[in-house]
Amino acid sequence: MIRYAAITPHPAIIIPTIGRSNLNLCRKTVNAMKGVGEKFRAVKAETVVLISPHGPVQYDKFIINYSPTLRGALSQFGDERRFVFENDREMADEIMANLRKKNIPAGLARELELDYGALVPLHYLINEKDAGYNPKLIHMSFSMLPLDFHYRFGEAMGEVLQASPKIISLIASSDLSHRVTTDAPAGYSPQGRLFDRQLQDFIQRKNIKGILGLDPHLVEEAGECGLRSIVMMLGAISNLRWEIKSISYEAPFGVGYLTASINIK
């Protein structure tokens with residue numbers, strides 16, 4: 001059953017060995033991620049389902065990483081910590097079966113490294129000092145299909161996760177607009193901050209209809225990379241009682257970082 005969920009940003013700069021002196025510029029996000037990590041570890045999930053925007057993305061179908069062992073490191077950014085997880089392929093098979101039953105297009109990919117959209121959240125979720133805790137992992141990415149497909153995917157996945165006797169945590173890795181300020185990496189758009197405000201407001205008010213009905217032009221102009229991850233997660237918990245325990249937002253480098261810890265009642 002799903003016992004915990006979270007929305008996490010994934011900038012490598014929030015990792016101390018990478019961000020170093022810049023860490024103070026995103027301290028709000030760092031502290032929020034530490035809080036998410038504490039809550040996550042308290043739940044002691046047996047399987048973590050992590051949706052990343054930076055896994056293999058295909059336009060017309062969702063992809064689940066089917067490599068027997070899921071491993072990766074952020075060595076390209078200067079951090080040598082390595083992560084190794086056993087893939088919960090039994091649960092991945094059950095998810096795929098339910099997706100096929102509901103005619104939701106999805107596929108499996110093998111021999112894939114964990115991407116930084118997964119590794120940055122995992123840095124805060126998995127404490128190096130707790131060597132005895134190493135849950136199984138399911139690593140997946142979204143498609144470029146409309147948002148309602150992503151919500152339906154989440155609903156179908158949620159049915160499987162909630163029926164499982166295992167304790168499960170669900171993580172939506174998601175940076176918001178990349179165009180919030182004039183020095184933003186993707187260039188500035190006034191729609192960037194507007195998108196981030198609207199999405200944060202909709203999430204806090206649990207306004208799923210508002211999220212699914214976001215203006216496509218606004219979404220495009222915002223230059224976001226994680227809306228679909230969030231929609232998939234919300235679909236998965238749609239039949240559960242949940243509440244936002246804590247929420248944090250900042251955009252110190254022109255990219256919106258939203259961190260939300262979600263209690264499942």
Dipole magnitude of the chain about its Cα centre (Cβ charges: Lys, Arg +1; Asp, Glu -1), debye to nearest 20: 720 debye
Excluding ARG179 itself, calculate the net charge of residues whose Cβ lies under 11 Å from the Cβ of ARG179, where each Lys or Arg counts +1 and each Asp or Glu counts -1. -4
For region 139-265, the dipole about the Cα centre with charges only on Cβ (Lys and Arg +1, Asp and Glu -1), to the nearest 20 debye, works out at 500 debye
Of ALA42, HIS150, TYR66, whose Cα points farthest to the positive end of the dipole of the chain (charges on the beta-carbon: +1 Lys, Arg; -1 Asp, Glu; origin at the Cα centre)? ALA42
Neighbours of CYS225 by Cβ distance under 13 Å: Lys/Arg at +1, Asp/Glu at -1, summed charge -3
In the structure shown, do any of LYS39/LYS61; LYS39/LYS166; LYS209/LYS245 have a Cα-Cα gap over 24 Å, and if so which? LYS39/LYS61
Across ILE230, ILE14, ILE203, the residue with the highest GNM fluctuation in the chain (Cα network, 10 Å cutoff) is ILE203
Just to confirm a number: summing +1 for Lys and Arg and -1 for Asp and Glu over residues other than ILE138 whose beta-carbon lies under 9 angstrom from that of ILE138, what do you get? +1
Mean-square fluctuation maximum in Gaussian network of the chain, Cα pairs under 10 Å, restricted to ALA97, ALA163, ALA184, hits ALA163
Fewest Cβ neighbours within 10 Å first, please rank SER21, SER75 accordingly. SER21, SER75
How big is the charge dipole of region 56-127 about its Cα centre, in debye rounded to the nearest 20, if each Lys and Arg gets +1 on its Cβ and each Asp and Glu gets -1 on its Cβ? 240 debye
In nm, to one decimal, how far is the GLN162 label point from the ASP215 one, both placed 7 Å along Cα→Cβ? 3.4 nm
Of ALA97, LEU194, LEU234, farthest towards positive along the dipole that unit charges on Lys, Arg, Asp, Glu beta carbons give the chain: LEU234
If I model a spin label at LYS44 and LEU25 as a point 7 Å from the Cα along the Cα→Cβ vector, what separation in nanometres do I get? 4.1 nm
Say a site is exposed when it is one of the GluC sites (Glu not before Pro), sits in a DSSP loop, and has at most 11 other Cβ atoms within 10 Å; what is then the longest site-free stretch of the chain? 129-265
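Taken together, the values in this text are just the output of simple stated rules run on the coordinates, not laboratory data. Being a predicted model, the structure only gives us computed values, none of them experimental. Every residue, glycine among them, receives a Cβ derived from its backbone with ideal geometry; neighbour counts consider all protein chains shown.
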